[in-house]
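No lab work stands behind these numbers, since they all come straight from the coordinates. This structure is a prediction, so every number in the text was calculated from the model and none was measured. Neighbour counts are summed over all protein chains in view; Cβ atoms, including those assigned to glycine, are modelled from backbone coordinates with ideal geometry.
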Amino acid sequence: MKRYVIIGGGPAGVSAATVIRAKDPDGEILLFDRDQDLPYYRTELDTYIGGSTSDADMPLHPSTYYQEQHIVLRLRAVVTKVQPPERWVELDGGERVSYDALLLAPGSFPLTVNCSGDRVSGVTTMRTWEDARRLIRRIEETKPPVVVVGGGVLGLILAEGIRQRGRPVVLLEREPRLWAPVLDETSSELIRQALAQAGIEVSLGEEVVEINGANGRVAGARTSKGRRLDTELVVVAIGVRPDIGFLQGSGIRTDRGILIDHEFRTNVREVFAAGDAAQGYDPVSGLFRVATNWNNAMEQGKLAGAFMAGGGDPYRGVILSNSETFCGLRVSVLGLTQLSAPGTVVLIGRDQDKGIYRKLVLCQDKLVGAILVGNTSGEGLMRRMIVEGKPTGPTEVKSKFLTGVVIEEILYS
């Protein structure tokens with residue numbers, strides 16, 4: 001009987017366990033997760049904070065699911081060491097557990113600010129369901145505006161959730177755009193307007209440089225623009241880093257994340273990786289990248305689980321792909337959205353009355369990126385075209401994805 005050990009109870013780990021069980025009814029599956037809660041929908045943390053998602057709605061599966069699937073789920077289990085030559089992992093209490101196949105799906109840790117007062121009580125990050133519960137308690141205890149630092153996906157959805165609790169929110173983003181690595185000025189502004197309509201103040205090009213404390217708790221913040229903000233709670237959402245420190249000395253190759261091939265294998269035999277901590281090949285950019293989003297983790301976990309259990313479909317590669325709703329405005333981003341190399345064609349479609357903005361990027365007669373705001377139809381087909389590198393041209397792209405909008409075409413030379 002084969003023993004599968006999975007580190008991480010997020011979407012990659014749980015989906016891998018499910019696929020392994022379907023392919024190997026008799027294998028032993030051990031799933032270790034550092035959280036105290038049953039694996040849950042991390043994508044619902046914002047609506048949980050906002051009050052529209054209940055405790056009962058959060059778990060991915062009831063506890064009976066793991067029993068029925070004969071998956072041994074061990075919570076509060078922190079793996080501190082991996083020893084591939086002997087095929088065992090070590091937990092923080094010193095227990096060693098052997099494996100025949102190992103999946104590394106540990107996820108990531110949130111980054112925090114580095115400034116005077118950054119360790120005062122009331123400066124918090126968001127990673128877990130328990131973090132969300134703690135944040136709700138903080139929100140209920142405070143009256144001044146809550147300061148959210150970071151205008152990426154997590155910062156935006158946290159700002160919305162906090163605002164839904166009835167608290168004023170000031171969101172600071174040090175870049176000149178929201179979600180700066182992927183959005184352009186137009187899409188950023190549409191999201192800013194949606195947040196403003198929901199009562200969220202957004203300030204771009206501004207960051208926290210000092211957090212003031214009183215009696216051991218946050219009592220205000222000073223920004224790079226010289227503003228002093230009255231606040232008792234600073235929520236930091238400035239990015240994440242893969243949780244890979246426990247792999248030091250294991251011989252498993254890492255860069256920003258855990259390097260994998262098209263079968264999710266690392267450089268070490270029978271050790272696989274998937275999810276937010278995995279760094280896979282991006283066929284569009286030609287680079288190895290980490291993609292931190294729910295759908296990517298689910299897909300990778302399923303495919304990795306299949307290979308662990310004896311065979312699966314080769315992974316086409318990881319591309320930037322994210323789809324979120326901010327204050328009622330649906331936004332999707334795919335692939336390379338900021339490309340301006342010679343020969344690049346950018347097609348922009350607008351319907352200002354309906355708040356629709358669609359930007360499609362082509363390079364060497366291939367669709368390589370897209371920003372969709374207000375209307376995300378065709379997203380699935382676009383993603384397939386990007387991943388497969390299917391030849392196309394501006395005329396075909398216009399007819400497929402830009403009907404009924406005013407079109408602008410830009411050619412970079």
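Listing for the model above:
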read-out: Alpha carbon centroid spacing (whole Å) that separates region 80-107 from region 9-27; value: 17 Å
read-out: The chain: relative contact order as a whole-number percent, Cα under 8 Å and 6+ apart; value: 15 percent
read-out: Per-residue Cβ neighbour rank within 10 angstrom, fewest leading, LEU362, LEU31, LEU111; value: LEU111, LEU362, LEU31
read-out: Cα pair distances exceeding 17 angstrom across region 123-238, given as percent; value: 51 percent
read-out: Top positive-direction residue, dipole computed over region 123-238 with Cβ charges, set GLY151, GLY161, LEU183; value: GLY161
read-out: Residues PHE401, PHE288 arranged by fewest to most Cβ contacts within 10 Å; value: PHE288, PHE401
read-out: Derived scalar couplings ³J(HN,Hα) [region 193-198; Karplus, 6.51 cos²θ - 1.76 cosθ + 1.60; whole Hz; x for Gly, Pro]; value: 5, 5, 5, 4, 5, 8
read-out: FRET efficiency for ASP261 and ALA22, using Cβ-Cβ distance with R0 set to 30 Å, rounded to 0.05; value: 0.80
read-out: Centre separation in Å (Cα based) which lies between region 158-179 and region 335-413; value: 29 Å
read-out: Convex hull of Cα atoms in region 328-411, direction-averaged projection (nm²); value: 5.1 nm²
read-out: For region 328-411, size of Cβ-based charge dipole, Lys and Arg +1, Asp and Glu -1, in debye; value: 200 debye
read-out: Taking N as its residue count, the alpha carbon Rg of the chain over 2.2 N^0.38 Å; value: 1.03
read-out: Inter-probe distance in nm under a simple model that places probes 7 Å from Cα toward Cβ, at ARG227 and THR142; value: 1.5 nm
read-out: Region 123-238, relative contact order in percent, only Cα pairs under 8 angstrom and at least six apart counted; value: 33 percent
read-out: Assigned charges on the beta-carbon of Lys, Arg, Asp, Glu; the chain dipole about Cα centre (debye); value: 320 debye
read-out: For the chain, with +1 on Lys and Arg beta carbons and -1 on Asp and Glu, the positive-most of SER98, GLY305, VAL406 along the dipole; value: VAL406
read-out: All-pairs alpha carbon distance profile, region 257-397, 5 Å steps from 0, percent; value: 2, 10, 18, 20, 17, 14, 10, 6, 3, 1, 0, 0
read-out: Cα-Cα separations in region 1-67 greater than 18 Å, expressed as whole percent; value: 41 percent
read-out: Volume per residue of the C-alpha convex hull in region 128-193, rounded to whole Å³; value: 87 Å³
read-out: Dipole of the chain, positive direction: furthest Cα of LEU171, GLY328, PHE264, with charges on the beta-carbon; value: LEU171
read-out: Extension gain (nm, one decimal) between SER63 and VAL78, 0.36 nm per residue minus Cα-Cα; value: 3.4 nm
read-out: In the chain, lysine pairs with alpha-carbon atoms under 22 angstrom apart (chain gap of 8 or more, or interchain); value: 14
read-out: Whole-number percent relative contact order across region 271-346, with pairs defined as alpha carbons under 8 Å at least 6 apart; value: 26 percent
read-out: Over the chain: helical MRE at 222 nm, DSSP H runs n ≥ 4 each giving -39500 (n - 2.57), nearest 500; value: -7000 deg cm²/dmol
